[in-house]
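Following: one structure in C-alpha cells, then a few remarks.
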Amino acid sequence: MALDMESLVEATSGSVGALVSTTILYPLDTCKTRYQAENRAHHHQRNISDVLLEAISKGQVLSLYQGLGTKNLQSFISQFIYFYGYSFFKRLYLRESKSKSIGTAANLLIAAAAGACTAIATQPLDTASSRMQTSDFGKSKGLWQSLSEGSFSDAFDGLGISLLLTANPSIQYTVFDQLKNRLLKSNMKKQTDEVSSPEAISAFSAFVYGAVSKCIATCLTYPAIRCKVVIQSAKSDESEDGKPQARRRKSISGTLCSIWEREGMLGFFKGLQAQMLKTVLTSALLLMIKEKVTKTTWVLMIALRRFMLTMPNLKSS
C-alpha cells in the first residue's frame, strides 16, 4: 500500500507540474513546433521570430494557443503515467534487490521502460497536438477531427521515434536524480516524524538541476526530435520554388533523406535553440513544482493519518 501511495503522489505531483509549465510556455512551444516542421530549401529558410510575426500580422495571436487543451491533456496523462511507472518500478527494484540505492544503469532501464509505456499510451494525443500546432493559424481542427482525418495507424505517426526518444527522459531524470541525491547526501537530516516524507530539495535547486539535466538530454536526442515533428506535422514539404506539395505519409527514412537533401547536416539541428529554451524552462518548472507539490501532499497525508489515529480516542472520551 505504501508503495502504491508513494507512486501515486509522484505521479500526481508530476502531472500538476506538467500542466502548469505547459500552459505558461505554450505560445513558445507553438512557434518552436511550427518552425521545426518547416522543411524548406536553403533559399526559402526563415527564422523562428518570423513565425511569431506571421501570427501578429494576420491578427491571429490567440492562435498560438491552438491545441492547448489537447496538449495539456497529453502532458497530464503522459506525466502521470511516466512518474507513476518510474516511481513504481524504481521502488520495486529497490525492494527486490534489497539495496538502498539504485545504480545509473538500472535507473536508465527503469526510466526507459516507463517512457515506453507512456509513448504507446499517449501517441495519438501527441500526434493530434502536433497537427493542431502546425495547422494554418485560425484553421486548427478539433481533437477528434485531427485523429479521424486519416487511418487508425496515422494517429500513431512517429511512434517509432517516440520510443527511441524514451532515452530523453531517461537521461534527464537519471541526471536529475543523481544531482539531487548528491545534494541530499551532503545535507542529510534525520526525520523525527513517525511517518517520514520523501526528502525534497529547494525550489531553486530543483529548477537548476532540472534545467541542466534537460539541456544534456535535449542535445543528445535533438535530431530525432526534429524528425518526429516533421513526420507529425499537418503541413506538407515545400518544393524548390517554395510552393507546398501534397501531404503524404512520411516515413522515418524518407524524412531523414528529405532533411539532408534540403537543409544538409545542420538541418537536423534546426530550431535547437528554441527547443532548448522551451524544454529546459518546461522541465525546470515541472520539476520545481513537482518537488513542492510532493512535499505538500505528504504533509497533508501525515496530518490526515494522525487525525484518523486520534479519532478513536476522541470517540472513547
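Count, please, the residues in the range 73-115 that happen to be touching a helix residue (DSSP H, G or I) at 6+ places or on another chain (Cβ under 7 Å) and not in a helix (DSSP H, G or I).
Of the range 73-115, the ones touching a helix residue (DSSP H, G or I) at 6+ places or on another chain (Cβ under 7 Å) are 73-91, 93, 102, 104, 106-108, 110-115.
Next, only the ones that are not in a helix (DSSP H, G or I) stay: 102.
Total meeting the criteria: 1.
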Of SER170, SER129, the only residue that is open to solvent by less than 60 Å² (accessible area, probe 1.4 Å), among the small types (Gly, Ala, Ser), in a helix (DSSP H, G or I) and at pLDDT 80 or above is SER129
Of all residues in the range 1-49, which are at pLDDT 70 or above, within 26 Å of ARG131 (Cβ to Cβ) and out of contact with any helix residue (DSSP H, G or I) (no Cβ under 6 Å at 6 or more places or on another chain)? THR23, ILE24, GLU38, ARG40, GLN45, ARG46, ASN47, SER49
When the range 51-72 is checked residue by residue, the ones that are surrounded by fewer than 18 Cβ atoms within 10 Å (Cβ to Cβ) and either outside any helix (DSSP H, G or I) or in contact with a Phe, Trp or Tyr (Cβ under 8 Å, 6 or more places away or on another chain) (or both) are GLU54, LYS58, GLY59, GLN60, TYR65
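Hey, among SER87, SER75, SER99, which residue is modelled with pLDDT under 85 and surrounded by fewer than 16 Cβ atoms within 10 Å (Cβ to Cβ)? Write out each step before concluding.
Working: SER87 fails: surrounded by fewer than 16 Cβ atoms within 10 Å (Cβ to Cβ); SER75 fails: surrounded by fewer than 16 Cβ atoms within 10 Å (Cβ to Cβ).
The match here is SER99.
The values are calculated or read from the model by the stated rules, or taken from the named source; none is laboratory data. The structure presented is a predicted model; accordingly, all values stated were derived computationally and were not measured. Reconstructed Cβ throughout: ideal geometry from the backbone, glycine too, with neighbour counts over all protein chains shown. All accessible areas refer to the heavy atoms of the entire protein, side chains included, with ligands and DNA or RNA removed. Shrake-Rupley method; radii C 1.70, N 1.55, O 1.52, S 1.80 Å.
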